[in-house]
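Undergrad: Handing you a structure now.
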Amino acid sequence: MKRILPLVTALIAPLLFLSLVGVVAGSASEEEESRILIETATTPEDHIKIAEYYEKQAANMEDEAKFHSSLADSYKSRGKPLLGLAKHCADLSKRYKEAAEDYKAMAFLHKKIAQDMQKQ
């Protein structure tokens with residue numbers, strides 16, 4: 001059993017890294033466009049686009065939270081040697097859920113800004 005944990009870690013760590021690299025590389029232009037839009041937003045439409053971006057990010061974070069929660073459950077069911085990995089994944093899941101809530105809050109605020117601008 002002592003040999004399994006390093007092997008599992010050695011196999012999973014590169015996969016997690018590659019999945020993160022793929023997410024970052026694939027969304028670089030969207031990230032850049034959103035950053036510029038956030039810095040220059042002046043219309044209700046701009047703020048709606050920003051809200052949509054944040055809602056998309058929230059959905060991504062929720063997906064990550066579910067994925068890591070599933071991993072945590074899997075590690076827990078496989079016994080004591082993997083409990084450290086289960087805790088790690090459970091902690092990540094919690095952080096992703098918190099990030100999703102933060103993104104939702106940002107989306108809500110930008111929608112409110114857009115509504116307030118339309119009233120003027």
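Undergrad: Scan segment 92-115 residue by residue and report those that are hydrophobic (A, V, I, L, M, F, W, C) and touching a Phe, Trp or Tyr at 6+ places or on another chain (Cβ under 6 Å). If you could, list the steps in order and put the result at the bottom.
TA: Initial filter on segment 92-115 (hydrophobic (A, V, I, L, M, F, W, C)): 92, 99-100, 105-109, 113-114.
Within segment 92-115, MET106, ALA107 qualify.
Undergrad: Can I ask one more? Applying the selection to segment 27-52, what residues are crowded, with 17+ Cβ neighbours inside 10 Å and over 17 Å from the mean Cα position of the chain (by Cα)?
TA: ALA41, PRO44, ASP46, HIS47, ILE48, LYS49
Undergrad: Can you name the residue in segment 58-68 that is closer than 17 Å to ASP102 by Cβ and hydrophobic (A, V, I, L, M, F, W, C) and is also surrounded by the fewest Cβ atoms within 10 Å (Cβ to Cβ) among such residues?
TA: Among those residues, the one meeting the criterion is ALA59.
Undergrad: Output the number of residues of segment 69-116 satisfying the condition of being more than 17 Å from GLU52 (Cα to Cα), more than 15 Å from the chain's Cα centre (by Cα) and either surrounded by 17 or more Cβ atoms within 10 Å (Cβ to Cβ) or among the hydrophobic types (A, V, I, L, M, F, W, C) (or both).
TA: Here the count works out to 7.
Undergrad: Before we move on, is SER34 at negative phi, among the small types (Gly, Ala, Ser), out of contact with any Cys (no Cβ under 7 Å at 6 or more places or on another chain) and modelled with pLDDT of 95 or more?
TA: no
Undergrad: Assuming GLU55 fulfils every condition listed in (1) under 30 Å from LYS119 (Cβ atoms); (2) exposed (fewer than 13 other Cβ atoms within 10 Å of the Cβ); (3) at pLDDT 95 or above apart from one, which condition is it?
TA: Status for GLU55: all satisfied but (2).
Undergrad: A follow-up question, please. Conditions: (1) free of Cβ contacts under 8 Å to residues at least 24 places away in the same chain; (2) in a helix (DSSP H, G or I). THR42 meets all but one. Number of the miss?
TA: With respect to (1) free of Cβ contacts under 8 Å to residues at least 24 places away in the same chain; (2) in a helix (DSSP H, G or I), THR42 is out only on (2).
The values are calculated or read from the model by the stated rules, or taken from the named source; none is laboratory data. Bear in mind that the values here come from a model prediction, so they are computed numbers and not experimental data. Counting neighbours? That spans all protein chains shown, and the Cβs are built from the backbone with ideal geometry, glycine included.
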